[in-house]
Amino acid sequence: MNRTLVLHVGAHKTGTTTIQDSLKKNISLLQSKGILYIPFNYYLKKSNLKDFLRSGMNNDDDWFDFFKSINCERVVISAEEISMYSHDTLSKIKTFFLDNGFELSVHYFLREPFAWKQSDCKQMIKSGTASFNSTFDKNATERYFNIPQKLDDVFGVDIVFYHFMENAVTEGLFNYFCKNCLVLENSNLAEVRSNDSLSESALKIANIYNEDYPRGSGRSMLLSEIIHSVQGARSENYFDISKDECLKINEGIEYLKKRNKNIPYSHVEPYTYQRKELDNLSREDFKNFIDKLNEYLTKFEDYIPLLRNLSNELSKNDELDSAIKLLELARLIRPHGPYINNRLDTLLEMKKEN
């Protein structure tokens, strides 16, 4: 049987999560059509696929045997980070799969430069790796210029295919992926849409949070999640395109035109946005944040009876330390609850006596 590895390598912010979630939802139907999707975090005994690929396919008989034994016409691996791997690591991936009897088909998605920059910069603010005053020049250069040339150099121009997000979305992103990457006509498989963009309010609050509590400073993951889910108007465009970025992007566009004449992007010119200050929160921004915070805290309130009951059961079994911890958690949710505070004082006295 001829087997093909479909290697979907992103790039970031081109609908990869939607494609991956849709692959996961339809995993059984795809397998019935001879297509095996292997999630990037799939574990085989002691290591997962992500670590195995990152390591440059270090000698691992389990993974070698796993891929050797696959009895499907097409195998799909999808991960944005693969496009960021070094030339050497990509070469090892290519060699590994060729040695295991696979043909290769590599797919890389791009999007319109201005929209991509906005989405990418907002994602970095969302992840806590940057604030509004950060420099964002590198990614556009990488994605339009360095990565395509690296992929072509490693895998060869005959098996690397470039796709444009705007074209794909008009057909339905997952339907487009099935048709053009999996060579699966009339799939009619369900698409799981993923929209992880920040609202205008969330973007402002996240920006302030990042500046005051940068990553590594003990920031709360829960508070980050609450901020990210704050509702509000769609965020505006804030991030400029510099002259140096334009030079590299345009060089990349010229390169891609030689590979795909249907590229829908024309040369870009530097642009500076007339932007509002991101650190000025309006009353609406504050209300949107309070609404979301209240929603989360109200859900926590629902767990108070469970925490109290579990604490009581543990104290009956003389597991005082665990009983106390549960009540301390309950007190974080309801600091002035009389029952919680009185019961906690009682348990602490019991522990002292023991």
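The values are calculated or read from the model by the stated rules, or taken from the named source; none is laboratory data. Because the structure is a prediction, the values reported are computed rather than measured. Note: ideal-geometry Cβ built from the backbone for every residue, glycine included; neighbour counts use all protein chains shown.
Residue-by-condition table, conditions (1) touching a residue at least 60 places away in the same chain (Cβ under 8 Å); (2) under 24 Å from residue 178 (Cα atoms); (3) touching a Ser or Thr at 6+ places or on another chain (Cβ under 6 Å):
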position: 37; (1), (2), (3): no, yes, no
position: 54; (1), (2), (3): no, no, no
position: 66; (1), (2), (3): no, no, no
position: 78; (1), (2), (3): yes, yes, no
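So which residues in the range 158-197 are farther than 23 Å from residue 116 by Cβ and in a loop (DSSP other than H, G, I, E, B), if there are any at all?
158, 159, 182, 183, 184, 185, 186, 187, 188, 189, 190, listed by residue number.
Within the range 191-210, does at least one residue satisfy the condition of being of a type in the set (Phe, Trp, Tyr), surrounded by 15 or more Cβ atoms within 10 Å (Cβ to Cβ) and within 18 Å of the chain's Cα centre (by Cα)? Lay out the reasoning, then the answer.
Here is the first cut: in the range 191-210, the ones of a type in the set (Phe, Trp, Tyr) are 209.
Within this subset, residues satisfying the condition of being surrounded by 15 or more Cβ atoms within 10 Å (Cβ to Cβ) are 209.
With within 18 Å of the chain's Cα centre (by Cα) added as a condition, the list becomes none.
No, the conditions are met nowhere in the range 191-210.
For residue 172, work out the one condition from (1) modelled with pLDDT of 95 or more; (2) at positive phi it doesn't fulfil.
Status for residue 172: all satisfied but (1).
Could you please let me know if residue 21 is outside any strand (DSSP E or B), closer than 17 Å to residue 173 by Cα, touching a residue at least 24 places away in the same chain (Cβ under 8 Å) and of a type outside the set (Val, Ile, Thr)? Outline the logic, then answer.
Details: outside any strand (DSSP E or B): yes; closer than 17 Å to residue 173 by Cα: yes; touching a residue at least 24 places away in the same chain (Cβ under 8 Å): yes; of a type outside the set (Val, Ile, Thr): yes.
Against the criterion (outside any strand (DSSP E or B), closer than 17 Å to residue 173 by Cα, touching a residue at least 24 places away in the same chain (Cβ under 8 Å) and of a type outside the set (Val, Ile, Thr)), residue 21 qualifies.
Which of the residues spanning the range 230-275 are surrounded by fewer than 17 Cβ atoms within 10 Å (Cβ to Cβ) and under 30 Å from residue 295 (Cβ atoms)?
Those that are surrounded by fewer than 17 Cβ atoms within 10 Å (Cβ to Cβ) and under 30 Å from residue 295 (Cβ atoms): 231, 233, 234, 236, 237, 275.
Can you pull out the residues in the range 67-83 that are under 17 Å from residue 107 (Cα atoms) and among the hydroxyl-bearing types (Ser, Thr, Tyr)?
78, 83
In the range 4-20, what residues are over 15 Å from residue 176 (Cβ atoms) and at pLDDT 95 or above?
The answer is 4, 5, 7, 9.
Tally up the residues in the range 224-236 that are assigned to a loop (DSSP other than H, G, I, E, B) and either over 21 Å from the mean Cα position of the chain (by Cα) or among the hydrophobic types (A, V, I, L, M, F, W, C) (or both), please.
First, pick out the residues of the range 224-236 that are assigned to a loop (DSSP other than H, G, I, E, B): 229-233, 235-236.
Now restrict to residues that are either over 21 Å from the mean Cα position of the chain (by Cα) or among the hydrophobic types (A, V, I, L, M, F, W, C) (or both): 230, 232-233, 236.
Count: 4.
Output the number of the condition that residue 177 fails; it satisfies all remaining conditions of (1) touching a Gly at 6+ places or on another chain (Cβ under 9 Å); (2) farther than 30 Å from residue 33 by Cβ.
Unmet condition: (2).
Looking only at the range 198-223, filter to residues that are assigned to a helix (DSSP H, G or I) and of a type in the set (Ser, Thr, Tyr); which one of those is farthest from residue 171 (Cα to Cα)? Steps first, please.
Kept after step one, since they are assigned to a helix (DSSP H, G or I), are these residues of the range 198-223: 200-212, 221-223.
Among the residues that remain, those that are also of a type in the set (Ser, Thr, Tyr) are: 201, 209.
On the way: 201: 31, 209: 38 Å.
So the residue we want is 209.
In the range 321-354, what residues are in a helix (DSSP H, G or I) and under 22 Å from residue 222 (Cα atoms)? Break it down into steps so the answer makes sense when it comes.
Going through the range 321-354, the residues in a helix (DSSP H, G or I) turn out to be 321-333, 338-353.
325, 326, 327, 328, 329, 330, 331, 332, 333, listed by residue number.
What residue, among those in the range 287-305 that are of a type in the set (Phe, Trp, Tyr) and assigned to a helix (DSSP H, G or I), is surrounded by the most Cβ atoms within 10 Å (Cβ to Cβ)?
Taking the range 287-305 as the starting set, the residues that turn out to be of a type in the set (Phe, Trp, Tyr) are 289, 296, 300, 303.
Of the ones still in play, those that are also assigned to a helix (DSSP H, G or I) are 289, 296, 300.
Numbers: 289: 20, 296: 13, 300: 15.
Per the criteria, the residue is 289.
Just give me the residues in the range 80-121 being touching a residue at least 12 places away in the same chain (Cβ under 8 Å) and small (Gly, Ala, Ser), in sequence order.
Keep residues of the range 80-121 that are touching a residue at least 12 places away in the same chain (Cβ under 8 Å), which gives 80-85, 87-97, 100-114, 116-121.
Result: 83, 91, 101, 105, 119.
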